[in-house]
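Data block below; observations after.
The values are calculated or read from the model by the stated rules, or taken from the named source; none is laboratory data. In this text, all values refer to a predicted model and were calculated from it rather than measured experimentally. So basically every Cβ, Gly included, is an ideal-geometry build from the backbone, and we count neighbours across all protein chains shown. These area figures cover heavy atoms from the full protein model, side chains too; ligands, DNA and RNA do not enter into them. Shrake-Rupley method; radii C 1.70, N 1.55, O 1.52, S 1.80 Å.
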Amino acid sequence: MFLKDQWYAVAWDRDIGGKPVGHTICGEKIVFYRKRDRSLVALEDCCPHRLFPLSQGSVHDDRLVCGYHGLTFAEGGQCVHMPSQDTINPNAHIRAYPVVERYRFIWVWIGDAALADPARIPALPWCADPAWAFDGGTYHTACDYRLVIDNLMDLTHETYVHATSIGQKELTEAPFDAKLVGDRAVVSRWTLNVEPPPFWVHNWKSKELVDRWQICEYSVPSVITIDVGVARAGTGAPQGDRSQGISATVINLITPETETSCLYHWGFARNFETDDQGLTARIREAQGGVFMEDIDVFVHQQQNILARPDRKMMSFNIDAGGVLARRLLDRALQNSASKAA
Ligand code: FES
Ligand SMILES: [Fe+2]
């Protein structure tokens, strides 16, 4: 079950151009393309004639042409050309979806189009602010999107899944705080007076002892930002003085595709050495490698879940953040269901 009346991130801005691209978002098949003025179009990915996917067609003069017999649609979904006939059957109309480009991503509104307010797109200021360098990628992942949320709200897994990059054993020992703050679930973990893990040694360029932080914030339906960084140990970072360290924000947008697959958009925004494009590329590659280790976990986890429909997952102390996130999501789903009833 998917939460409707929400904006979902479909793709990075660079990944949709003048050719039609099909995506499944919350079970709905949608075709996307850009017009010559770079504005976006999102239409139902199904020709009303013989139900051929329009994403297999082409775009001519900013209009979507079916690749089977040439029915042609304008951006509002109305058919504007039918081959071999002068009149157009008015029933040959397809649904148009609200679509917006913001924060380097393309967002589609799933639900009642009359409610689509771009102001409700989750605020990701780091992704559009020139004071920050931001890049990342997308993994098409064969798992329930909620498994990704669980994972990101419990970073103790880093010790085991990412042992060679960002993991360190102190993470599993450090106390953490999980709570609801307004409409968000927040997990904060400070690991004090520890050696920096390899990723931060490379970027901070020091092996001095650090105070390390990871502050994960979840908001409905599936946006998680993680404020991460290290500062020279004992210089007041936990109290708010980060001047002796470096920090970044990890962006995670997890868009459900089906009940057992999702689009996982990830990225890393930093406000240090922002002009160094080589560093941006190296961080992207490193993050992609680290996150691929998670994908491997999700896929195996999902296979086991499907093979054991009678088994329920257990939750322990370390799952407190994920439990809060799922509670917010379940509450939103219930509210949405009771409104629809
Ligand atoms: S199926 Fe699209 S025009 Fe025939
Ligand atoms: Fe991970």
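If R₀ is 56 angstrom, what is the calculated FRET efficiency for the pair L51 and R232, using the beta carbon separation as r and rounding to 0.05?
Values: r = 62 Å, r/R0 = 1.11.
According to the calculation, E is roughly 0.35.
Of all aspartates and glutamates in the structure, the ones whose alpha carbon falls short of 17 Å from that of K19, not counting any fewer than 8 places away in one chain, are D37, E44, D45, D61, D62, E75, E101.
Can you tell me the dipole magnitude for the chain around its Cα centre, using point charges on the Cβ only (Lys, Arg +1; Asp, Glu -1), in Debye to the nearest 20? Walk me through the numbers on the way to the answer.
Working: 34 positive and 42 negative charges, 67 e Å.
My answer is approximately 320 debye.
Using Cα-only point scatterers and the Debye equation, what is log10 of I(q)/I(0) for region 89-164 at each q in 0.15, 0.19 Å⁻¹, rounded to two decimals? For the requested q values the scattering log ratios are -0.86, -1.12. Projecting the Cα atoms of I166, P238, F2 onto the charge dipole of the chain (Cβ charges, centred on the Cα centre) puts F2 farthest toward the positive pole.
In terms of solvent-accessible area of protein heavy atoms at a 1.4 angstrom probe, what is the ranking of D296, D154, highest value first? Walk me through the numbers on the way to the answer.
Numbers: D296 90, D154 20 Å².
Accessible-area ranking of D296, D154, largest first: D296, D154.
Once the Cα-Cα distance is subtracted from the 0.36 nm per residue extended length, the D241 to S58 segment shows a gain of 60.5 nm. Please say if region 6-120 is rounded, prolate or oblate, where rounded means a/c under 1.5 for a ≥ b ≥ c the square roots of the C-alpha gyration tensor eigenvalues, and otherwise the choice is prolate for a/b larger than b/c and oblate otherwise? Note, shape of region 6-120 comes out prolate.
Angle of helix 320-340 to the longest C-alpha principal axis of the chain, folded into 0 to 90 degrees and rounded to 10: 30°.
The charge dipole of region 1-146, taken about its Cα centre with unit charges on the Cβ atoms of Lys, Arg (+1), Asp and Glu (-1) only, comes to about 160 debye.
Between V297 and D15, the distance separating the two model label sites (each 7 Å from Cα on the Cα→Cβ line) works out to 2.2 nm.
In the assembled protein chains, S39 presents an accessible area of approximately 40 Å² (probe radius 1.4 Å).
The spacing between region 1-74 and region 98-114, judged by their C-alpha centroids, is 13 Å.
Near K339, which lysines are there with a Cα under 22 Å away, not counting those fewer than 8 places off in the same chain? Once the sequence-local lysines are set aside, what remains near K339 is K4.
Taking 0.36 nm per residue of separation and subtracting the Cα-Cα distance, full extension of the segment from N91 to A123 would add 7.7 nm.
A 1.4 Å probe run over the chain, with the rest of the protein chains in place, finds 48 Å² accessible per residue.
Estimated from helical segments only, the mean residue ellipticity of the chain at 222 nm is -7000 deg cm²/dmol, where each DSSP H run of four or more residues counts as -39500 (n - 2.57).
Computed from Cα atoms, the angle from the helix 277-307 axis to the main principal axis of the chain rounds to 80 degrees. At q = 0.11 Å⁻¹, what base-10 log of I(q)/I(0) does the Debye formula yield for region 128-340 when every alpha carbon is treated as an equal point scatterer in vacuo? Each listed q corresponds, in turn, to -0.54. Taking only protein heavy atoms and a 1.4 Å probe, the accessible area of the chain is 51% carbon and sulfur. Taking θ as phi - 60° and the Karplus parameters 6.51, -1.76 and 1.60, the scalar couplings of region 133-145 work out to 9, 9, 7, x, x, 9, 10, 7, 10, 8, 7, 4, 4 Hz in sequence order, x denoting glycine and proline. Taking 20 Å as the cut-off, the amide N atoms of region 151-176 that come nearer than this to a point 7 Å along the Cα-to-beta-carbon line of D330 belong to 151-154. Cβ screening of the chain for cysteine pairs under 4.7 Å finds these without a partner: C26, C46, C79, C127, C143, C216, C262.
The alpha carbon radius of gyration of region 166-251, expressed as a multiple of 2.2 N^0.38 Å, is 1.09. Take the alpha-carbon centre of region 149-217, take the same for region 274-341, and report the distance between them in whole Å. Value for the Cα centre distance between the two parts: 16 Å.
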